[in-house]
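I have placed the structure first, in the form of structure tokens, so that the comments after it can refer back to it.
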Amino acid sequence: MARYQHEPADVREALRRAGALGADLDLTLLDTRAATAHALRAVNRRCGETIDVDAFVARLGPPIRQELAHWVAPERIPQAVEVFRDCFLSEGIHLLRPLPGAGDLADAVTAASRRLVVITSRIPQVARRCLTVCGLSTAAVVGGVTGPEKAAPMTAHRIAVYVGDHVLDMQAAKIAGIPGIAVTTGSHRAGELRQAGAAWILDDLTDLAHLVRRTHTGIDDTEP
Ligand SMILES: [Mg+2]
């Protein structure tokens, strides 16, 4: 078992104060790669597109519509988005998996009488469906925002810390004036996330769930 990675003081203090915990969806709470790849292959097949599925999935984070524009002509994007969404929700959804520690984090936040708020570039109805299928309960979902756009909902929902896998998540937390916690379950490595302003960098959500529990109960369960 990996050794507990102790949190920096600013993260601990932010969590002690009243406030919600904010989280990104793709590659932070959920592994959406297989579901996304499945839906992209359907777009290629049904719409005659030539999207490089591996390249697309390797940079998950920005809105799907924006990413499709790298491969699909502007006039065909609405149809590609429709096929993508239809296939993602009907077939791809069964390929979604919570990432390590996601369920524990959601439970820990609820046990601490705090709110878990998901802020994601996915549209809200898709994000909610993904979370439900994976058994994660959240207090609120803000969808359709990416990069710096995430800062406003962080402030509006009184987010104390925001956890994400993307450098854009760290930049948004910085704009909102809160610590950004990075997980390396996405395509960005620790060095890039640190450079983007991450206050704490984790392999996955397990240690953050421990910290939320410790902050709530005052019991340190990380010592041997
Ligand atoms: Mg992400």
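All of the numbers you see were taken from the coordinates with simple rules; none came from a lab. These figures come from a predicted structure and were not determined experimentally. Backbone-built Cβ (ideal geometry, glycine too); neighbour counts: all protein chains shown.
Between 0 and 90 degrees, rounded to the nearest ten: what's the tilt of helix 124-133 against the longest Cα principal axis of the chain? Helix 124-133 sits roughly 70 degrees off the main axis of the chain.
The mean sequence separation of alpha-carbon pairs under 8 Å and at least six residues apart, normalised by the residue count of the chain, gives a relative contact order of 27 percent.
For the chain, what is the charge dipole size about the Cα centre, in debye to the nearest 20, if Lys and Arg each add +1 at the Cβ and Asp and Glu each add -1 at the Cβ?
Dipole magnitude for the chain comes out near 480 debye.
Taken one residue at a time, the phi angles of the range 98-115 give Karplus couplings (6.51, -1.76, 1.60, θ = phi - 60°) of x, 7, x, x, 5, x, 5, 5, 4, 5, 5, 5, 5, 4, 8, 6, 10, 9 Hz. Gly and Pro are set to x.
Counted over the chain, the DSSP beta bridges are approximately 10% antiparallel.
Sorting 183-189, 194-200, 6-12 by average packing, meaning the other beta carbons within 10 Å per residue, from highest down gives 183-189, 194-200, 6-12.
Take every pair of alpha-carbon atoms less than 8 Å apart whose residues are at least six positions apart; their mean separation over the length of the range 33-95 yields a relative contact order of 53 percent. Taking a ≥ b ≥ c as the square roots of the eigenvalues of the alpha-carbon gyration tensor, the range 33-95 is classed oblate because a/c is 1.5 or more while a/b is no larger than b/c. PRE reach from Ser187 (point 7 Å along Cα→Cβ): which of the range 145-174 fall under 12 Å by backbone N? The answer is 166-167. When the Cα convex hull of the chain is projected onto planes of every orientation, the mean area is 11.9 nm². The overall shape of the range 95-207 is rounded: from the C-alpha gyration tensor, with semi-axes ordered a ≥ b ≥ c, the ratio a/c is less than 1.5.
Helix 33-47 and the long axis of the chain differ in direction by around 10°, with both axes built from C-alpha atoms.
Between the range 1-54 and the range 124-169, the C-alpha centres lie 10 angstrom from each other.
May I ask you to derive the FRET efficiency for Ala69 and Asp107 from their Cβ-Cβ distance with R0 = 45 Å, giving the value to the nearest 0.05? Walk me through the intermediate numbers first.
Working: r = 38 Å, r/R0 = 0.85.
Approximately 0.70, to the nearest 0.05.
The string of couplings for the range 81-88 from the Karplus curve (6.51, -1.76, 1.60, θ = phi - 60°) is 5, 4, 5, 4, 5, 4, 6, 4 Hz, one whole number per residue in order, with x for Gly and Pro. For Ile201, the residues whose amide H sits under 5 Å from its own are Ala182, ignoring neighbours fewer than 5 places away on the same chain, with H placed 1.01 Å from N. Remark: the range 33-95 carries a charge dipole of roughly 60 debye about the Cα centre, counting +1 on each Lys and Arg Cβ and -1 on each Asp and Glu Cβ.
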